[in-house]
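Below is one structure; the comments refer to it alone.
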Amino acid sequence: MIGRIALQLAVLLIFAPLPLGVINKTKALFAGRIGPPVLQPYYDLARLWRKGFVISRTTTWVFLAGPVVGLVVPLLAALLLPFGGLPAPISFSGDLILFVYLFGLSRFFTAVAALDTGSSFEGMGAAREVTFSCLAEPTLLFALLVLARGAKSLNLGALFGPQLAGQWQGDASASLGLILVCLFVVLLVENSRIPFDDPNTHLELTMVHEVMVLDHSGPALGMVLYGATMKLMVMSALLVGIALPLRTGSLLLDLLVFLAGILSLAVLIGVVESTMARLQLPRVPQVLVGTTLLSIFALVLVLR
Amino acid sequence: MANLLLLFVLLINFYTLGSARLVACIRAVALQGALLALLPLAIHGPTGHALLLGVGALLFKGIFIPLLLLRTIREVRIRRDVEPFIGFVPTLILGLLVTAGAFIFADFLPLAHEHHEGLFVPTALATMFCGFLMLITRRKAITQVLGYLMLENGIFVFAVLLSAAMPLMVEAGILLDLLVGVFVMGIVLNQISREFSSLNTERLTALKE
C-alpha cells in the first residue's frame, strides 16, 4: 500500500513538469523559434526554490496557504486515479466526487489567497477564474457519470477498468468520443490555456489565472508552478486513461504507453494554443455551457 | 458507420444553434446535407436507388443550395451575424431539451421492431425540431431558410430509413419543393433588401397600413 502510493507520487512528481516543457516547445516550433529546452520547467522550479520570499505586509497566513494547498491537492487527487498500469492506490465508492471537489478546494484557496493581497486586479482574476470553473464543473461531473454508467460503479479506479476497451468497440463509443472532447475543453479551462486564458500574457487586465499568482515570489511561486503542472498531469491522466485503455500486462510497458499518451496530449495542447486565438471573454461561458450540454447529451445516449 | 454519421448530424444541429456567424451556419448546414448524402449508401449498400438518393442529396443540399445562399449574402450585403430573438445559450438549452425529448418520444412510437434501437428515429425528430427552433428563434430571413433546410434534413433521415418503401419521386418532390422555396426566398430577400435596406423580418410588420 505504502509502496504503491510512493510509486504513484514518484511518477507524478518526476514527470509533472515535462508536459509543460513539451507544450512550450510545440508552441515555439509553430512560431518558427527554437524555444526553451524541454526541461526548462525543471530549471525554473530549481531557480525559484533557491530564491527568497517577498511577502506583502498587508497579507496574512491565508496568502501562503494558497500555494501550499495548490501543491498538495493534485498529489491527493493523483492517489484516486490509475496511472497507466498502476491501479489507483486509494479507492472507495463515490471517490469521483471527492476528485472533482479536491480541485474545487484548491481553487478556493488560490482565490482566497488572491483576495488576501487586497489588489483589485487579483480580485478580478479570482472572480473570472471562479466563474469559469463553476461552469466547467458540471461538464466534468457529467463526463464521469457517463463513465460510471459504463463501469456500473462509482469508483474512480474502476471507471478506467477493462470494460472501457469494450465500450470503445460497442455502441457507447459515440458518447465516449463526446466526453473526450468535453474533458479536453475542461482541461484547457482548468489549466488556463488558450483559448480560455493565456498563460503568457503580461497585461493584468487580460489575465485570468496568472493575475491571481502575481504577488507570489520565490518558493511560493515555485509551489504554484509545480502545483499547476501536476494539475495538468492529473487532468491529462484522466483523458489518457479514457483514450488509451489498452493493457499489455507488463507494468513498465503500460507506464510507457501512459507517458507517451500524456506527452502527445501536451503536443495537442500546444497545437491548439498555436492555431487558435483567445476567445472573447463573454464567449467563454457560452462555450462552457455548450460542452455541459454535450456531456448531458452523451449521458442521454448511454442511458437509453 | 451510420450511427457515427447520425451523431455528427446531431452535433451539427447544436453547432448551428450555437453559432453566431451566418456563413459558418450555412457551411454547417451544407456539411449536414453532405453527410446525409452518405447515409443511404451506409445503410442500403451501393444499390441504384441509394446512389440516386445520395447523389441528389449531395448536389442539392450539400452544394447547390448553400452556394445559392452564400451568393445571396454576398449580393445583398447583409451583416454577417445571426440575430437571435432569444440568446444563444437559451437556444442551445432548448435544443438539448428537444433532442432529449426526441429520444424519449422515439421510444414510445409504434415502430417496426428493427427501428427501435439505433439513432435513426430520434435523430430525424431532433433535427426536425432543431430546424423548427431555428425558424422561430432567429430574426434574419436567411436563417429562416436555414431552419427550413435543417427541417428537410430531418425528413430526409426518416426517408432513408424507409427508402425501400418510399418511392424516389417523393424525395425528388421534397427536394424540388425545397429548391423552389429557396429560390423564392432568395427573390424575396433581394426585394426586402431593396425596399428596406435591412433583412430583418421584424420590420415586415411595418408593411401593414
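Every number here is computed from the coordinates shown, using simple stated rules; none is lab data. Computed from a predicted structure; not experimentally measured. As a convention, Cβ positions derive from the backbone with ideal geometry for all residues, glycine included, and neighbour counts pool all protein chains shown.
Summary table
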item	result
Normalised convex hull volume, the range A:140-189, alpha-carbon set, Å³ per residue	70
Residues with amide H under 5 Å from that of residue B:138, placed H, sequence gap 5 or more	B:85
Residue A:50 paired with residue A:120, simple spin-label distance in nm, labels 7 Å along Cα-to-beta-carbon	4.0
Cα-based reach from residue B:61 at 13 Å (exclusive), listing aspartates and glutamates while leaving out same-chain residues under 8 positions away	B:152, B:171, B:177
Potential extension, residue B:21-residue B:55 segment - 0.36 nm per residue separation minus Cα distance	9.4 nm
Per-pair calculated FRET efficiency, R0 = 41 Å: residue A:277 and residue B:172 via Cβ, rounded to 0.05	0.40
Value of relative contact order over chain A, rounded to a whole percent, pairs C-alpha under 8 Å and six or more apart	30
Cα pair distances in the range B:2-207, grouped into 5 Å bins until the bin that holds the longest one, percent each	1, 7, 16, 20, 19, 16, 11, 6, 3, 1, 0
Within the range B:71-136, chymotrypsin sites (Phe, Trp or Tyr not before Pro) in DSSP loop having at most 16 other beta-carbon neighbours inside 10 Å	B:85
Rounded to 10°, Cα long-axis angle of helix A:173-190 versus longest principal axis of chain A	10
Efficiency of FRET between residue A:61 and residue A:100 - r from beta-carbon atoms, R0 35 angstrom, step 0.05	0.85
Candidates per GluC sites (Glu not before Pro) in the range B:72-144, loop by DSSP, up to 14 other Cβ within 10 Å	B:117
Angle between chain A longest axis and helix A:283-303 axis [Cα atoms, degrees, rounded to 10]	20
Helix axis angle, B:48-57 relative to chain B longest principal axis, alpha carbon, degrees	20
Potential lengthening between residue B:132 and residue B:162 on full extension [0.36 nm per residue; Cα-Cα distance subtracted]	8.6 nm
Set of lysines near residue A:51 by C-alpha distance (under 30 Å), chain-local residues within fewer than 8 positions excluded	A:25, A:27, A:231
Taking only Cα atoms of the range A:1-132, radius of gyration then Dmax in Å	17.8, 49
Cα convex hull of chain A, projected area averaged across orientations, nm²	15.7
Cα lying deepest toward the dipole's positive end in chain A, options A:127, A:256, A:216, charges on Cβ	A:256
Distance between modelled label sites at residue A:206 and residue B:188, nm, 7 Å Cα→Cβ extension	4.4
Of the trypsin sites (Lys or Arg not before Pro) in the range B:10-67, those whose Cβ has at most 12 other Cβ within 10 Å and which sit in DSSP loop	none
14 Å Cα-Cα reach of residue B:140 towards aspartates and glutamates, excluding residues that sit fewer than 8 places from it in its own chain	B:81, B:83, B:202
For the protein assembly as shown, the spread of Cα positions along each principal axis, largest first, Å	78, 56, 43
